[in-house]
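K.L.:
After the structure tokens below, expect a handful of questions from me.
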Amino acid sequence: MGTDIFCAYIKLEQLPDEVKTRHKIKVGASVPRFDLTRLAGYYKPLESMKNKKGQLVLYLNGTLGIIDSPDPRRADKFLMGKDSLYLSSVYLLDCSTPIDGGGFIGYGNPNRAATYGKGKKPNPFAECKDDGFLFLIAPDWKTIEMLVIPSGCNTILGNAKALADGVYNEALETMRAAAKAFFQY
């Protein structure tokens, strides 16, 4: 299957402490920080999420006690960027087939609201509200790979199952090979 299903591949990593220290990034934060390290393709809303240094940083949060939703409907985690911009919930797919030697597959979709935050800032994801996200999460939760499927919101659960079944292996490998460094750490 070709890479045309995905418009972007995003690799997020928790940087080693020595890299954080060198770039004056706080070490030992309670909420895991993930830096965008590699990118293939293009996803316009990411442009507005860069910080002053040109880095793109997301934080992986647990939902229990934060997201007011019944347990069966509550996401497992959520990703948030600068200025508390909610990127996506991360629902973990229950699957018995390990991926890439272990790990997890997740899925989600962008924040659909027109604005966000107390200041009612324009939400850069509003124009992409029908997109879907797939997540490949390392067993140690130190790396998250994210695939963007344009207009994939309504089919994202099926896409997650297809990813688990290996349907997108070739497209995933092509995107990984095409990914370039996003920021020089």
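K.L.:
One residue is enough: does segment 157-166 have a residue meeting the conditions assigned to a loop (DSSP other than H, G, I, E, B), modelled with pLDDT of 90 or more, touching a Cys at 6+ places or on another chain (Cβ under 9 Å) and open to solvent by 20 Å² or more (accessible area, probe 1.4 Å)?
P.N.:
The answer is yes, given that some residue of segment 157-166 is assigned to a loop (DSSP other than H, G, I, E, B), modelled with pLDDT of 90 or more, touching a Cys at 6+ places or on another chain (Cβ under 9 Å) and open to solvent by 20 Å² or more (accessible area, probe 1.4 Å).
K.L.:
Restrict the check to segment 170-183 and report whether at least one residue is touching a residue at least 12 places away in the same chain (Cβ under 8 Å), closer than 27 Å to residue 94 by Cβ and in a loop (DSSP other than H, G, I, E, B).
P.N.:
no
Yes/no matrix, rows are residues, columns are (1) more than 15 Å from residue 90 (Cα to Cα); (2) among the aliphatic types (A, V, I, L, M); (3) out of contact with any Phe, Trp or Tyr (no Cβ under 8 Å at 6 or more places or on another chain):
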{"position": "125", "(1), (2), (3)": "yes, no, yes"}
{"position": "133", "(1), (2), (3)": "no, no, no"}
{"position": "140", "(1), (2), (3)": "yes, no, yes"}
{"position": "143", "(1), (2), (3)": "no, no, yes"}
{"position": "151", "(1), (2), (3)": "yes, no, yes"}
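K.L.:
Under 7 Å by Cβ, and 6 or more places apart or on different chains, what pairs join a residue from segment 113-132 that is more than 11 Å from residue 48 (Cβ to Cβ) with one that is surrounded by fewer than 18 Cβ atoms within 10 Å (Cβ to Cβ) and among the acidic types (Asp, Glu)?
P.N.:
Within 7 Å, the pairs are 117/83.
K.L.:
So which residues in segment 167-177 are out of contact with any Ser or Thr (no Cβ under 8 Å at 6 or more places or on another chain) and open to solvent by 50 Å² or more (accessible area, probe 1.4 Å), if there are any at all?
P.N.:
167, 169, 170, 173, 176, 177
K.L.:
Moving on. Considering only strands (runs of 3 or more DSSP E) fully contained in segment 1-110, which possess at least 3 residues that are surrounded by fewer than 18 Cβ atoms within 10 Å (Cβ to Cβ), of a type outside the set (Ser, Thr, Tyr) and at pLDDT below 95?
P.N.:
none
K.L.:
Condition (residue is surrounded by fewer than 13 Cβ atoms within 10 Å (Cβ to Cβ) and modelled with pLDDT under 95) applied to segment 132-139: is it met by at least one residue?
P.N.:
No: zero hits.
K.L.:
Out of all the residues in segment 140-156, which are out of contact with any Asp or Glu (no Cβ under 9 Å at 6 or more places or on another chain), under 22 Å from residue 110 (Cα atoms) and open to solvent by 70 Å² or more (accessible area, probe 1.4 Å)?
P.N.:
Once the filter is applied, which keeps residues that are out of contact with any Asp or Glu (no Cβ under 9 Å at 6 or more places or on another chain), under 22 Å from residue 110 (Cα atoms) and open to solvent by 70 Å² or more (accessible area, probe 1.4 Å), segment 140-156 yields only 155.
The values are calculated or read from the model by the stated rules, or taken from the named source; none is laboratory data. All of these numbers come straight from a predicted model, not from anything done at the bench. Don't worry about glycine lacking a Cβ; one is built from the backbone with ideal geometry, like all the others, and counts go over all protein chains shown. Keep in mind that these areas ignore ligands, DNA and RNA; they rest on the heavy atoms of the full protein, side chains included. Shrake-Rupley method; radii C 1.70, N 1.55, O 1.52, S 1.80 Å.
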